Amino acid sequence: MAFLEKRENSIADSLKDAANKQKEAEHLLHDYRSKLAEAQANAEKMLKEVKNEGEKLKLEIINNAEKQAEVILKKAEQDLSREKEKIFTEAKNQIADLVVSATSKLLEKSFNKEANHKMIIESINEASKS
């Protein structure tokens with residue numbers, strides 16, 4: 001009988017040991033699943049943060065590009081305005097030079113005709129007196 005009791009105790013101990021190992025395995029499985037879920041949550045959080053940072057960076061790049069475009073456009077408009085003013089001033093100066101030249105030529109011709117006409121009349125008058 002002692003053999004059967006030993007065997008019975010041995011089987012009971014084995015069953016208890018198996019139950020304890022099963023509980024320990026279930027506990028470990030639960031811990032691993034918790035850690036896996038936590039790791040997935042952290043990965044999703046990190047992914048979301050990276051995505052948000054990417055969006056912020058994208059908006060910052062777009063805003064900087066728009067500001068640079070505005071600066072370039074404003075400079076181009078100022079350059080165009082200066083160039084137009086320069087062309088207008090040059091045109092005014094050329095027109096003024098042409099008017100002065102034309103007026104000078106007209107006055108020169110006018111004075112020469114008058115002088116010639118006066119000389120002719122004086123010559124005629126002198127010739128008539130003689």
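Each reported figure results from applying straightforward, stated rules to the coordinates on display, with no laboratory input. Predicted, not measured: the structure shown is a model, and the values here were computed from it. Here Cβ is always computed from backbone atoms with ideal geometry, including for glycine, and neighbour counts include all displayed protein chains.
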For helix 2-129, what angle does its Cα long axis make with the longest principal axis of the chain, in degrees from 0 to 90 and rounded to 10? 0
Measuring from centroid to centroid over Cα atoms, what is the spacing of the stretch 43-94 and the stretch 3-20 in Å? 83
Comparing Gln94, Gln22, Gln40, which has the greatest mean-square fluctuation in the GNM of the chain with Cα pairs linked when under 10 Å apart? Gln22
Taking Lys and Arg as +1 and Asp and Glu as -1, residues besides Ala43 with C-beta under 13 Å from its C-beta add up to +1
Inter-probe distance in nm under a simple model that places probes 7 Å from Cα toward Cβ, at Lys6 and Leu36: 4.4
Anyone know which of Asp79, Asp13, Asp97 comes out most mobile in the 10 Å Cα GNM of the chain? Asp13
Rg and Dmax in Å for the chain, alpha carbons only: what are they? 55.1, 189
With only helices counted (DSSP H, runs n ≥ 4, each -39500 (n - 2.57)), the per-residue ellipticity at 222 nm for the chain, to the nearest 500, works out to -38000 deg cm²/dmol
Glu122 to Asn93: extension gain in nm, 0.36 nm per residue of separation minus the Cα-Cα distance? 6.2 nm
Charge-dipole axis of the stretch 1-107 as Lys and Arg at +1 and Asp and Glu at -1 on Cβ define it, positive-most pick from Asn42, Thr89, Ile11: Thr89
Return the single residue from Asn20, Asn64, Asn42 with maximal mean-square fluctuation; model: Gaussian network over the chain, springs between Cα atoms under 10 Å. Asn20
